[in-house]
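Here is the structure we will look at, set down as C-alpha cells.
The values are calculated or read from the model by the stated rules, or taken from the named source; none is laboratory data. Worth saying up front: this structure is predicted, and the values here are computed from it rather than measured. Here the Cβ is made from the backbone with ideal geometry for all residues, glycine too, and neighbour counts use every protein chain on show. These area figures cover heavy atoms from the full protein model, side chains too; ligands, DNA and RNA do not enter into them. Shrake-Rupley method; radii C 1.70, N 1.55, O 1.52, S 1.80 Å.
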Amino acid sequence: MGRIHLGDADALRELTAAASSVVFFTGAGISTESGIPDFRSPGTGLWNRVKPIEFQDFVASEEVRRLSWQRRFDGDRVLERAKPNAGHRAIARLVDAGKVTAVITQNVDNLHQDSGIPETHVIELHGNAHHARCLSCHKRYELEALEVVFRRDSRIPPCDQCGGIIKTATISFGQSMPEREMRRAHAAVQACDLCIVAGSSLVVYPAATLPELAKQRGARLAIVNREATPLDEIADLVVRAELGATLSQLVERD
Ligand code: ZN
C-alpha cells in the first residue's frame, strides 16, 4: 500500500501555482452543488429510479424511442434548471487566465459551458443532454423544437438531412465512447503538467484511465473528491473536501 498524500486547499493552490498547463477532469461531484443528484448515490439518483434504455434497443425499436423521448420531456427537468456553482466558476476563471487548457468531463449537464468556458476547451466524454443529434450524419437538433414536434405527433421524425435516427446527444448504456472526444482527451492529458480530478470517483472506465495516463506521462495528479478513489495512492495530492469551497480558493487571491 502506498502512502496517500492528504492535503487541503492551500496545498492545491501551491500545486496549481507551480503548474503551467492544467487539465481538469470533472465528474458528478462537481454538479451536486448545483442540485444535480449523483446517479451513483443510492435512492437519490435521477437515473436509477427507472431502468436505463440501452442504445441497441433505442436504435432497434420505434416504441423504445417513443418511451425514451417521453421520459426526456416528462422528466423532472432538473438538468435544465441547474446553474453553474462556485466550483464551475472557479474553473472558468482559470481557463480565462490561460492556466487551464482543457476541461474533460463525465457530466452531460452543460454547466462548464454555462459558466463561460468556450466549447473548444470542454471535452464531453458522455455527451450532452441539452441537445440532440442525428446518429448518422451528426446534425444537431435543439430539444425545444423537438419537444414541440413530439407533443404534437408523439414521435420524433427521422433526420431531415439524411433520414437517420435522432437521439439526445448523451452517450447511452451500450453505446461506444465518442472517438473524437477520447482522442482530444488523450492529447490534453498528455500535454498537461498538472491534472486535477474534481468530483469524480474514477470508477467509470475507460474514462477514468485518463488521469492515470497524465501521471504516467510525468504530470502531477491532484484529486479533489469527497470519497476515496482508486487513484488516490498514485496522486501527488488528495483533498477530501467540498468542491466549490476548495476550488474557489484557487482563484480568490490572484
Ligand atoms: Zn442525419
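Of note:
- Cross-link partners of residue 51 among lysines (Cα-Cα below 20 Å; sequence separation of 8 or more within a chain): 167
- Hypothetical label at residue 51: residues of the stretch 145-188 whose amide nitrogen lies under 20 Å (7 Å Cα-Cβ projection): 172-175
- Distances between placed amide hydrogens fall under 5 Å for residue 128 paired with 169, 170, 171, all partners being 5 or more residues away or on another chain.
- Net charge of Cβ neighbours under 14 Å - reference residue 157; Lys, Arg +1; Asp, Glu -1: +3
- Computed about the Cα centre, the dipole magnitude for the chain is approximately 380 debye when only Lys and Arg (+1) and Asp and Glu (-1) carry charge, each at its Cβ.
- For the stretch 7-156, a crude dipole built from +1 on the beta carbon of Lys and Arg and -1 on the beta carbon of Asp and Glu, taken about the Cα centre, is about 340 debye to the nearest 20.
- Under-5 Å amide H pairs with residue 239, H placed in peptide plane, nonlocal only: 7, 223, 224, 225
- Close amide-amide hydrogen proximity is noted between residue 123 and 103, 104, 105, each under 5 Å apart and 5 or more residues distant or on a separate chain (H modeled in the peptide plane; Pro and chain starts excluded).
- For residue 51, the accessible surface of its heavy atoms amounts to roughly 150 Å² (probe 1.4 Å, protein chains only, rounded to the nearest 10).
- Rounded to the nearest 10 Å², the accessible area of residue 5 at probe 1.4 Å: 70
- Share of carbon and sulfur in the accessible heavy-atom surface of the chain [1.4 Å probe, %]: 52
- The GluC sites (Glu not before Pro) of the stretch 46-130 meeting both criteria, a DSSP state outside H, G, I, E and B (loop) and at most 16 other C-beta atoms within 10 angstrom of the site's C-beta, are 54.
- Surface accessible to a 1.4 Å probe, per residue, for the residues of the stretch 101-142, Å²: 37
- Cα-centre dipole for the stretch 149-215 with unit charges at Cβ (Lys and Arg positive, Asp and Glu negative), debye to 20: 260
- DSSP-defined beta bridges in the chain - what % are antiparallel, rounded to 5: 25
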